[in-house]
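Undergrad: Got a structure here, written out as structure tokens. Questions coming.
The values are calculated or read from the model by the stated rules, or taken from the named source; none is laboratory data. Since the structure is predicted, the reported quantities are computational estimates derived from the model, not experimental observations. Counting neighbours? That spans all protein chains shown, and the Cβs are built from the backbone with ideal geometry, glycine included. Heavy atoms of the whole protein, side chains included, go into the accessibility calculation; ligands, DNA and RNA do not. Shrake-Rupley method; radii C 1.70, N 1.55, O 1.52, S 1.80 Å.
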Amino acid sequence: MTASERAPDPTGGAVRAAFLAASLLVAAFAIPTPASAHPLDALSAAEIGAALSVLRATGHADAATRFPLITLAEPDKEAVLAWHPGQSFARKAFVIAREQRLVYEGVIDLAAGKLERWDAVPGVQPAISLDELREAQKITIADPEWRAAMQRRGYGSIDPDKLFCAPLPAGPGGDPSEQGRRLVRVTCFDAAGTKSVWSRPIEGLLAIVDLDEKKVIRVVDTGPVPISRERHAFEGASTTAAPPVEGALKNAHAAIEDGLMRWRQWSFHYRLDRRAGLIVSLLRYRDSERDRMVLYRGSLAEMFVPYMDPDPNWAFRAWFDVGENDFGFFASPLKPAIDCPAGAAFLDAVLADSRGEARIGKSVICLFERDTGAPLWRHAEGANASTAGRPAAELVLRTIESLGNYDYIVDWV
């Protein structure tokens, strides 16, 4: 955790439980990162730092600049397919930055230390950062109109440790005054005496926050609604530490070679992306002496979540959970015997945060072999009472992204 994340937070413990728990990525500067073995490898911590240095040197980044995305600029498909292990390859970073309320896209040649492209993209909003989520919570709790509405609901004093406020994507809106603004809509929950901070919504009250202006522009109050006093507790099981990766890979009869994961007749490349989550590339099957390409590249494009409730506190909730919320950045640390089998391999990932700093997610990917309980093929011959067959097995590559009160289990099988 960085020093800023360890500092006291006036938004309270419940907020840290729900949003800073999403900062499952710890600082990675001191962690050595191996040289890239494959053109599709994710950017290393050193490469993320190099990209940021180029932007600073060219005057395109300062302390106020935020980076919704710093990721690999994938080489052309033809170049990837023509590459062979041992060959050198160009490494480039693709960057989305926001500065002075403007969004920019750029491409950086990491080997040359050169900015190849830097273009303004008007009229768009990138994903909301964790910094902005924390700021929106503070702005809401400090707003006099919102506090007055809370008092009408019996909250005479606002105790941040007993309250959880969730800044939500603004969603579609028909109000012309909201157009072009960087907005979130903040709804709060009574978190007193429960770790399930999403379970007691304070319905009928919504604060609309302008993140650029740093103020509440409107409070929507449709009247108090009774709140459950149940604890709504999740009963968790204890877990053991994740096993070493190499031993677990052997358990799954898998190995990493030349940047590819190999399992039986299959081979593939994988990486975790801040926006798209788990990306699988170059999935091939060895058929006699030929490697057949099954999938060049696959990732989750979007996850659309429309609530379709006309209530003003709910009508805006029609979210794009991948594009609006840094889907891959919310990959949870995985636990053996809960999220993945105890013998699974637990893999780390490096991503850039919104300040352009490299962070490592510990055990955010797992890999394991499983018996399907069904035959891959079989045949019974009644004439001589013989049976032949072979059991089916699968290899599973998994992440679990935890966005608010949703847990998305993403498996490549």
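Undergrad: If you scan region 37-75, which residues turn out to be out of contact with any Gly (no Cβ under 9 Å at 6 or more places or on another chain), under 30 Å from ASP291 (Cβ atoms) and in a loop (DSSP other than H, G, I, E, B)?
TA: Hits for region 37-75 are ALA42, LEU43, SER44, ALA73, GLU74, PRO75.
Undergrad: Related question: Can you pull out the strands (runs of 3 or more DSSP E) entirely within region 332-413 that have at least 2 residues that are more than 30 Å from ARG66 (Cβ to Cβ) and free of Cβ contacts under 8 Å to residues at least 24 places away in the same chain?
TA: 358-381, 386-403
Undergrad: Do you know which of the residues in region 384-398 that are aliphatic (A, V, I, L, M) and surrounded by 12 or more Cβ atoms within 10 Å (Cβ to Cβ) is farthest from ALA248 (Cα to Cα)?
TA: So the residue we want is ALA392.
Undergrad: Output the number of residues of region 331-347 satisfying the condition of being open to solvent by 10 Å² or more (accessible area, probe 1.4 Å) and under 13 Å from the mean Cα position of the chain (by Cα).
TA: Residues in region 331-347 being open to solvent by 10 Å² or more (accessible area, probe 1.4 Å) and under 13 Å from the mean Cα position of the chain (by Cα): 2 in total.
Undergrad: Only one of VAL350, VAL410 is crowded, with 19+ Cβ neighbours inside 10 Å and modelled with pLDDT of 95 or more; which?
TA: Result: VAL350 is the single residue among VAL350, VAL410 that is crowded, with 19+ Cβ neighbours inside 10 Å and modelled with pLDDT of 95 or more.
Undergrad: May I ask you to verify whether ILE279 is modelled with pLDDT of 95 or more, of a type in the set (A, V, I, L, M, F, W, C), surrounded by 12 or more Cβ atoms within 10 Å (Cβ to Cβ) and within 24 Å of the chain's Cα centre (by Cα)?
TA: yes
Undergrad: Let me ask something else about it. Please go through region 66-91 and pick out each residue that is of a type in the set (A, V, I, L, M) and under 16 Å from SER44 (Cβ atoms).
TA: Once the filter is applied, which keeps residues that are of a type in the set (A, V, I, L, M) and under 16 Å from SER44 (Cβ atoms), region 66-91 yields ILE70, LEU72, ALA73, ALA90.
Undergrad: One residue is enough: does region 318-330 have a residue meeting the conditions in a strand (DSSP E or B), open to solvent by less than 60 Å² (accessible area, probe 1.4 Å), touching a Lys or Arg at 6+ places or on another chain (Cβ under 8 Å) and at negative phi?
TA: no
Undergrad: Out of region 344-383, which residues are closer than 20 Å to ARG262 by Cα and basic (Lys, Arg)?
TA: ARG370
The rows are residues; the columns are (1) under 18 Å from THR222 (Cα atoms); (2) hydrophobic (A, V, I, L, M, F, W, C).
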position: ARG152; (1), (2): yes, no
position: PRO167; (1), (2): no, no
position: GLU178; (1), (2): no, no
position: ARG182; (1), (2): no, no
position: CYS188; (1), (2): yes, yes
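Undergrad: With the condition being open to solvent by 40 Å² or more (accessible area, probe 1.4 Å) and touching a helix residue (DSSP H, G or I) at 6+ places or on another chain (Cβ under 8 Å), I'd like the strands (runs of 3 or more DSSP E) fully within region 205-259 carrying at least 1 qualifying residues.
TA: 215-221, 254-257
Undergrad: Which residues, taken from region 291-316, are assigned to a loop (DSSP other than H, G, I, E, B) and either polar (S, T, N, Q) or surrounded by fewer than 18 Cβ atoms within 10 Å (Cβ to Cβ) (or both)?
TA: SER299, ALA301, GLU302, TYR307, MET308, ASP309, PRO310, ASP311, PRO312, ASN313, TRP314, ALA315, listed by residue number.
Undergrad: Among the candidates ALA136, ALA111, which residue alone is touching a residue at least 12 places away in the same chain (Cβ under 8 Å), of a type in the set (A, V, I, L, M) and open to solvent by less than 30 Å² (accessible area, probe 1.4 Å)?
TA: Of the residues listed, the single one that is touching a residue at least 12 places away in the same chain (Cβ under 8 Å), of a type in the set (A, V, I, L, M) and open to solvent by less than 30 Å² (accessible area, probe 1.4 Å) is ALA136.
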